[in-house]
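What follows is a short report on a single structure.
Read-outs: derived from the displayed coordinates by stated rules, not from any lab. This one's a predicted model, so the numbers in the text were calculated from it and none came from an experiment. Here Cβ is always computed from backbone atoms with ideal geometry, including for glycine, and neighbour counts include all displayed protein chains.
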Amino acid sequence: MSETTPRLALPFIMAAQAQKHVTHNEALRLLDSLIQMRVLNATTTDPPSTSDEGDAYIVNAPATIEWAGWEKDVAFYADGSWFRLPAIDGMRIWDAEVSTLLIYTAGSWQTLPEALNVLKSAPLVQVAKGPLGATTGLGVLEETLSDLSGSSVTTTIAIPDRSICFGVSTSTITAITGAFSYDCGIDGEPSKFGGSLGITAGSTNKGIIGPQGFYAETPIRLTANGSDFTGGTVSVAIHYLSVGVPDAP
C-alpha cells in the first residue's frame, strides 16, 4: 500500500503506527495550504528572510537554498519550515500581488485567459458542452494580407460553414498605397463589415454586424476604392460562434 494519496501526496496513517497525530496533522497542514490556494508572488526564486505562517509562493527558476529543485512548485511556510506543494495539471492559485487567477497547465503557470487559449493561437474555444456532447464555441480566425495588389484581395480564412458571425475586424499594419480607402466584406456585399476604411498604418475597424448565420464557407474580401491596391499590409480577424451536434447515444 502506498504511504501517500495518489494526487496530492497526503500522508496515510499506517496500521499500528505510533504517534498517529503527527501524520494526521501533517495531512491537515497540507490540505490547509492546498484548498483556496493563495500566493504572495509568482516570480520568487529565493526564500524571503522573514515569513508569516501560511505564506506561499510559486517558485521561479533558478530556485535556491531550501527551494532548490522546487521550480514551478509552490513553497508553503508553516510551523517554521517550508513545505513543497508539487504543481499538478489543473491546479489553481490566486496571485495576490497582481490580483490574477493562475492555472497550472502544459508545464507552466498561466493566467485564466491563457489557459483557456483565449489569448493563444487556438482558433476555437468550447464555452459550453451538454451531457450528450453538443457544444457551443467561440472562435477567432486571423490572417495578415501582405503586399496588397489589384482591385481586391480575398482571404484564405473563411467564416465557417454553419456558424454565426458577429463581425470582422481589420487593422492596417503598413500603409496601403494606390487605393484612397478600402472596403471589407464578402462576395456580393463588399462593405458588409466596413466601408471607406483607413489606409494609414494603425487604422483599425471593428466591423460588427447583427449575428448572422452562414451556410457555406465564406472568405473575406478587401476591395480598393479610387484605384487599385499597389501595396500595404492588413490583418483580418473573423469573430464567430460555432454549433456542435450531440453524440450518438
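Worth pointing out:
- Note on residue 97 and residue 41: the extension gain reaches 19.6 nm, defined as 0.36 nm multiplied by sequence separation minus the Cα-Cα distance.
- Think of it as helices only: each DSSP H run of n ≥ 4 in the chain is worth -39500 (n - 2.57), and spread over all residues that comes to -2000 deg cm²/dmol at 222 nm.
- Restriction of the chymotrypsin sites (Phe, Trp or Tyr not before Pro) in segment 100-193 to DSSP coil positions whose beta-carbon has at most 12 other beta-carbons within 10 angstrom yields 180.
- Relative to the longest principal axis of the Cα atoms of the chain, helix 20-34 runs at roughly 20 degrees.
- Those aspartates and glutamates that a straight Cα-Cα span of less than 14 Å connects to residue 129, excepting residues fewer than 8 apart in one chain: 247
- Antiparallel DSSP beta bridges within the chain, percent to nearest 5: 95
- Full extension of the chain between residue 191 and residue 215 gives 6.7 nm of extra length, using 0.36 nm per residue less the Cα-Cα distance.
- For Cα extents along the principal axes in Å, calculated from these coordinates, the label among (i) 87, 52, 25; (ii) 54, 46, 34; (iii) 52, 35, 33: (i)
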